[in-house]
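Before any comments, here is the structure.
The values are calculated or read from the model by the stated rules, or taken from the named source; none is laboratory data. On a predicted model such as this, the values are computed, not experimentally measured, just so you know. Heads up, the Cβs are rebuilt from the backbone with ideal geometry, glycines too, and the neighbour counts pull from every protein chain shown. Keep in mind that these areas ignore ligands, DNA and RNA; they rest on the heavy atoms of the full protein, side chains included. Shrake-Rupley method; radii C 1.70, N 1.55, O 1.52, S 1.80 Å.
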Amino acid sequence: QVQLVESGGGLVQAGSSLRLSCAAFGRTFSSYATGWFRQAPGKEREFVACIGSSGAITSYADSVKGRFTVSRDNAKNTAALQMNSLEPEDTAVYYCAAGKYLSTRYAEYDYWGQGTQVTVAS
């Protein structure tokens, strides 16, 4: 069992930056891939970024590529999503997730955090 807790969301102006953090508790976090997903009101949950268990492999949605950076620190059992040049379209609840396999599909992830709200004002 892995428990995940996100933090770092908030209300910012377009063009600003935010850094989301995901703290993991429980079983060995370093053995899991970590994904970031988001869900806007009235929309389906969508993939944002993911990082392999060692941190060597990353993948991004086209909509965030070049603006967002995913990272992890296995020694601290944490993952992070650095978001730069935020746009109003990035407004959503952001979730971190842990799973056995690196994937862009939310169904592949076994453990989820409670989510953190990111609101980008124009």
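Things worth noting here:
- Qualifying residues in the stretch 50-69 (those that are part of a loop (DSSP other than H, G, I, E, B) and touching a Phe, Trp or Tyr at 6+ places or on another chain (Cβ under 7 Å)) - the one surrounded by the most Cβ atoms within 10 Å (Cβ to Cβ): Ser53
- Look at (1) open to solvent by 30 Å² or more (accessible area, probe 1.4 Å); (2) touching a residue at least 60 places away in the same chain (Cβ under 8 Å); (3) of a type outside the set (Lys, Arg); (4) under 15 Å from Leu4 (Cβ atoms) and you find that Pro88 fails only one, number (4).
- For the stretch 1-49, filtering for residues that are assigned to a strand (DSSP E or B), at pLDDT 95 or above and among the small types (Gly, Ala, Ser) leaves 8.
- Set Phe37, Phe47: member being touching a residue at least 12 places away in the same chain (Cβ under 8 Å) and open to solvent by 10 Å² or more (accessible area, probe 1.4 Å): Phe47
- Here Leu102, Leu4 are screened, and the one residue that is open to solvent by less than 40 Å² (accessible area, probe 1.4 Å), in contact with a strand residue (DSSP E or B) (Cβ under 6 Å, 6 or more places away or on another chain) and of a type outside the set (Phe, Trp, Tyr) is Leu4.
- Restricting Tyr109, Tyr94 to those that are under 24 Å from Ser122 (Cβ atoms), of a type in the set (Ser, Thr, Tyr), under 14 Å from the mean Cα position of the chain (by Cα) and at pLDDT 95 or above reduces the list to Tyr94.
Residues checked against (1) in contact with a Phe, Trp or Tyr (Cβ under 7 Å, 6 or more places away or on another chain); (2) within 18 Å of Lys43 (Cβ to Cβ); (3) among the acidic types (Asp, Glu):
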{"position": "Leu81", "(1), (2), (3)": "yes, no, no"}
{"position": "Lys100", "(1), (2), (3)": "yes, no, no"}
{"position": "Arg105", "(1), (2), (3)": "no, yes, no"}
{"position": "Glu108", "(1), (2), (3)": "yes, no, yes"}
{"position": "Gly113", "(1), (2), (3)": "yes, no, no"}
{"position": "Gln117", "(1), (2), (3)": "no, yes, no"}
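- Check on Ser21, under 15 Å from Gly8 (Cβ atoms), open to solvent by 20 Å² or more (accessible area, probe 1.4 Å), free of Cβ contacts under 8 Å to residues at least 24 places away in the same chain and of a type outside the set (A, V, I, L, M, F, W, C): no
- Ser16 being of a type in the set (S, T, N, Q) and closer than 21 Å to Ser122 by Cβ: yes
- Taking the criterion of being of a type in the set (S, T, N, Q), under 16 Å from Cys22 (Cα atoms) and not in a strand (DSSP E or B), the residues of the stretch 70-90 that qualify are Asn74, Asn77.
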